[in-house]
Amino acid sequence: MKPFEYHLAASPADAVATLTRRPDGAFLAGGTNLVDHMKLGIASPGLLVDVSRLELTGTTTLPDGGVRIGAGVRNSDLAADPLIRAHYPVLTRALLSGASGQLRNAATTAGNLLQRTRCVYFQDVTTPCNKREPGTGCSAVGGYVRYHAIFGASPDCIAVHPSDMAVALCALDAVVVIQGTDGERRVPVEEFHRLPGDRPNRDTVLEHGELITAVELPSTPPGAVSNYRKVRDRASYAFALVSVAAELGLTPSGEITSARIALGGVAHKPWRAREAERILLGAPPTEETFRAAADAELVAATPLPGNEFKIELTRRTMIAELRALSQAVGS
C-alpha cells in the first residue's frame, strides 16, 4: 500500500472543501470496498478524508410519510430498523442478501451506493481494464462473462453493478441527497449510476468533492407489498446472477394499480424495468400478464456468448416474484 495523508472531517462542509482541493483524494467511511482496492493496487489516493464520524447516521420520517436515511447508517442497522422493516421490506431483504454479516456491520448507505462497478478483470491489475485505465481495453470481452451484463453494456465495459441495496432503492424511487461546493442537489437513484458508454471509469454522476449526505424514500402506495429475490451461485457472500426488487399494488377488483421493478446483476447500474411496469399497470395479475411484462423488458437484452442463460433466468425470476407478490397482496 502506498503512503497517503489522512484528514478527519469535522463537518460535511469541511469534508467537501477538503476533498475538492485534492484531485487525488477520496472519502473514507466503512472502507469495505476502497481499502480492498488500495491493498490490490487498484486505487491509490493521496489523501483520505474520513467522514465516518459525521452526524449522518439517523433514520427519520419525512413530512410526506417518506423516510430520510443518513449516509453513514450501517447496512446492518438499516436492515434492522423497525421503520424500514415495516414499510420497505424490499430494502430490508436486499440489504440482508448482500455480502456477509461482518461487512454489513461496517458498510454504510453511501458507501454501498458508491462501491465500484466491477468484475474479476477489474480486480486483477495484470489484465487490461478500461475502468482502471481508460483506453487499455476490456479483458472481459471474449473472456469469462457468466456474471456480466445483458442490458446497457458497451464495447468498453460489460461489468455489472454489484449492489443489492441499490437495486431496491431504484425500485423504490429513492433520491440521493448530495452536498457540494455550490450547495445541495438531489438525484434519483435511477439516474445516479451511469451506463459505461465510452467512459466506463465513471460509475456515477457525482463530481469530485461531492458528498452523499442522505438517501430519501417516498412513502409507499397504500396496500402495496414488496420483496427482493436474489439468484446466485451460493447461498451467501456472492454477487447476483440476477435479482429482482419489486413492489405491487392491486385494486379491490384485482387490477394492478402500482408496479415498480428494478433488476440487479444484469447491467452496469440497477436496471429499472420500465417496459415491464408499463405492461403491468391496469392489467390483471395473471401468469399471462407477468409473462408479457417480462418478455417486454427482455426485448432489449443483448446476451454475450457465455451468459445467454441470463435471459431465461431473468424471465423466470421476474415472473416468480410477481406471482408471489400478487398472492401476498390478495392474502
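The values are calculated or read from the model by the stated rules, or taken from the named source; none is laboratory data. Quick caveat, the model's predicted, so the values are computed rather than measured. Neighbour counts are summed over all protein chains in view; Cβ atoms, including those assigned to glycine, are modelled from backbone coordinates with ideal geometry. Note: accessible area is taken over every heavy atom of the protein model, side chains too, but ligands, DNA and RNA are not part of it. Shrake-Rupley method; radii C 1.70, N 1.55, O 1.52, S 1.80 Å.
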Could you tell me the relative contact order of segment 5-52? Use alpha-carbon pairs under 8 Å, at least six residues apart, and round to a whole percent. 56 percent
Amide proton proximity set for THR213, modelled H, under 5 Å, gap of 5+: VAL177, ILE178, GLN179
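Write down the Å³ per residue value for the convex hull defined by the alpha carbon atoms of the chain. Please report the intermediate quantities before stating the final value.
Working: hull volume 43.2 nm³, N = 331.
Roughly 130 Å³ of hull volume per residue.
Once the piece of chain linking THR302 and ASP233 is laid out straight, how much longer is it, given 0.36 nm per residue of separation minus the C-alpha distance between them?
Full-extension gain reported as 22.7 nm.
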Quick one: which of 244-251, 11-18, 27-34 comes out on top by average Cβ neighbours within 10 Å, and what's the full order, highest first? 244-251, 27-34, 11-18
Taking alpha-carbon centroids only, segment 39-65 lies from segment 193-223 a number of Å equal to 14 Å
Could you list which residues have their amide H under 5 Å from that of ALA238, counting only those 5 or more apart in sequence or on another chain, with H placed in the peptide plane? ALA99
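With every protein chain left in place, what is the accessible area per residue of segment 5-52 in square angstrom, probe 1.4 Å?
Roughly 45 Å² per residue, with all protein chains present.
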Karplus (6.51, -1.76, 1.60) ³J(HN,Hα), θ = phi - 60°, over segment 242-250, in Hz, Gly and Pro reported as x: 8, 9, 9, 9, 9, 9, 9, x, 10
Counting pairwise Cα distances across segment 192-331, what percent come out greater than 26 angstrom? 32 percent
Averaging sequence separations of C-alpha pairs under 8 Å and six or more residues apart, then dividing by the length of the chain, give the relative contact order as a whole percent. 17 percent
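With charges only on Cβ, +1 for K and R and -1 for D and E, what is the dipole size of the chain about its Cα centre, in debye, rounded to 20?
On the way: 34 positive and 35 negative charges, 142 e Å.
It comes to approximately 680 debye.
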For the charge dipole of the chain, defined by +1 on Lys and Arg C-beta atoms and -1 on Asp and Glu C-beta atoms about the Cα centroid, which residue among GLY143, PRO284, LEU172 has the Cα displaced farthest towards the positive pole? GLY143
Accessible-area composition of the chain, carbon plus sulfur, in percent [1.4 Å probe]: 53 percent
One computes Rg over Rh for segment 5-52 from alpha-carbon atoms, with the Kirkwood Rh, and obtains 0.97
Relative to the present Cα-Cα distance, how much length would full extension add between ARG68 and VAL35 at 0.36 nm per residue of separation? 9.1 nm
Could you give the DSSP H helices of the chain that reach 27 angstrom or more along their long axis (alpha carbon positions) and whose average Kyte-Doolittle hydropathy is no lower than 0.0? 309-330
Which ³J(HN,Hα) values, rounded to whole Hz and listed in residue order, are derived for segment 161-177 from phi using the Karplus coefficients 6.51, -1.76 and 1.60 in 6.51 cos²θ - 1.76 cosθ + 1.60 with θ = phi - 60°, glycine and proline given as x? 5, x, 6, 8, 4, 5, 5, 5, 4, 5, 5, 8, 6, 5, 10, 8, 9
Taking 0.36 nm per residue of separation between THR257 and ARG21 and subtracting their Cα-Cα distance, the length gained on full extension comes to 80.1 nm
Whole number in Å², please: accessible area per residue of segment 113-216, 1.4 Å probe, ligands, DNA and RNA not counted. 39 Å²
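As an exercise, take the mean of 1/r over every pair of distinct alpha carbons in segment 280-331, invert it, and state the Kirkwood radius in angstroms.
Mean inverse Cα-Cα distance, inverted, gives 11.8 Å.
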Enumerate by residue number the chymotrypsin sites (Phe, Trp or Tyr not before Pro) in segment 194-261 meeting two conditions: DSSP loop (anything except H, G, I, E, B), and at most 13 other Cβ atoms within 10 Å of the site's Cβ. TYR237
Could you size up the charge dipole of segment 1-147 around its Cα centre, putting +1 on the beta carbon of Lys and Arg and -1 on that of Asp and Glu, and report it in debye to the nearest 20? 360 debye
Rounded to two decimals, the Debye log10 I(q)/I(0) of segment 1-130 (Cα scatterers, no solvent) at q = 0.11 Å⁻¹ is -0.46
